Amino acid sequence: MGWRGLLGFEYGIVQAPLGPDISGPELVAAVANAGGLGLLRAPDWECPDYVRGLINKTRSLTDKPFGIGVVLAFPHQQNLKVILDEKVAILQVYWGDCTPDLVAMAHSAGVKIVPQVGDLRGAKQAINAGVDGIIVQGREAGGHVIGQDGLISLVPTVVDLVGNRNIPVIAAGGIVDARGYVAALALGAQGVCLGTRFVATEESYAHPTYKRKLIEMDETEYTDVFGRARWPGAPQRVLKTPFYKDWRSLPSHENETNQPLIGHSTIHGMDREIRRFAGTVPNMTTTGDIESMAMYAGQGVGLIKEILPAGEVVKRLVEGAQILIKQHFN
């Protein structure tokens, strides 16, 4: 059954790598200890010693395997070397080409590699490269969205493309509860990857105001208002906060570079200024005008009613899926 093992993990539940540092060691370890696959998020700049420390801290909190996500659009070669040297269980990659050379590097280190894709082209490239699994992201997802297709059509298309190859397909985008989990299984996925639901957990490193907004609000929008200069061509799905509603029609020539400072954060040990329209979500250290910062969320956010321990999220997904399948699909 789909709630059982995936890529060597107890359950087919993946906690997305939440940037820039929202999925820290505490969240990843909690998910791993509950039987899921927790993914750290590597910094978007080269800092190999810090990455090694991040991995070691996570290992101090769990004896279970876990993974780390790397955005290929940013400098990553030194970080990648550390990840492979440390033999982290899963290397998740995103927003860049997952090449046969990259897959070979991971496999030679004994590390499984799982790219996230948003269209058929990316899926074909991943299959041909020999990956160990594919996360298929629908347009419903929160944060940076790489494709335009909805999950309900994209997942079965990729499943058919994979065929009888031993490459599990993992559905991502708008899934927050057992109903979404079972729906993904019905589409042919072997697991699910959740982002927004894990931001709204006790262990996530998101700012309390961000977590509260995920409980209070239920509308999102696909936009490119945030982070245009730092990450061009990378649209995102965000909460429809009052700030966003006021600025959703920002002229295309505007970006964060000439905007006023609205706050500060310490991100992966580095002090960072946050300007208006920067794509940086507020973490636990963030000060300033929190309500005017980017708050990423998927379309399923309206189904999130409380902040839970991450282990409880995994437990409810697994037990809920078992009950639904037994009651309705046996």
Original post:
Limited to the range 181-194, what total is found for residues that are among the small types (Gly, Ala, Ser) and open to solvent by 20 Å² or more (accessible area, probe 1.4 Å)?
Top reply: 3
Subject >> Selection count, the range 1-55, where residues are at pLDDT 95 or above, farther than 21 Å from residue 231 by Cβ and among the aliphatic types (A, V, I, L, M) >> reply: 12
Original post:
What number of residues in the range 36-54 are touching a helix residue (DSSP H, G or I) at 6+ places or on another chain (Cβ under 6 Å) and within 23 Å of residue 13 (Cα to Cα)?
Top reply: 4
Original post:
Given the structure, is residue 175 buried (at least 24 other Cβ atoms within 10 Å of the Cβ), at pLDDT 95 or above and not in a strand (DSSP E or B)?
Top reply: yes
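Condition check ((1) modelled with pLDDT of 95 or more; (2) open to solvent by 70 Å² or more (accessible area, probe 1.4 Å); (3) in a helix (DSSP H, G or I)) across all residues:
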residue: 209; (1), (2), (3): yes, no, yes
residue: 218; (1), (2), (3): yes, yes, no
residue: 238; (1), (2), (3): yes, no, no
residue: 245; (1), (2), (3): yes, yes, yes
residue: 257; (1), (2), (3): yes, yes, yes
residue: 277; (1), (2), (3): yes, no, no
**OP:** Would you check if residue 132 is of a type in the set (Asp, Glu) and without any contact (Cβ under 8 Å) to a residue 12 or more places away in the chain?
**Re:** no
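The values are calculated or read from the model by the stated rules, or taken from the named source; none is laboratory data. Just so we're clear, the structure is a prediction, and the values are computed from it rather than from any experiment. Note: ideal-geometry Cβ built from the backbone for every residue, glycine included; neighbour counts use all protein chains shown. Note: areas computed on protein heavy atoms with side chains; ligands, DNA, RNA excluded. Shrake-Rupley method; radii C 1.70, N 1.55, O 1.52, S 1.80 Å.
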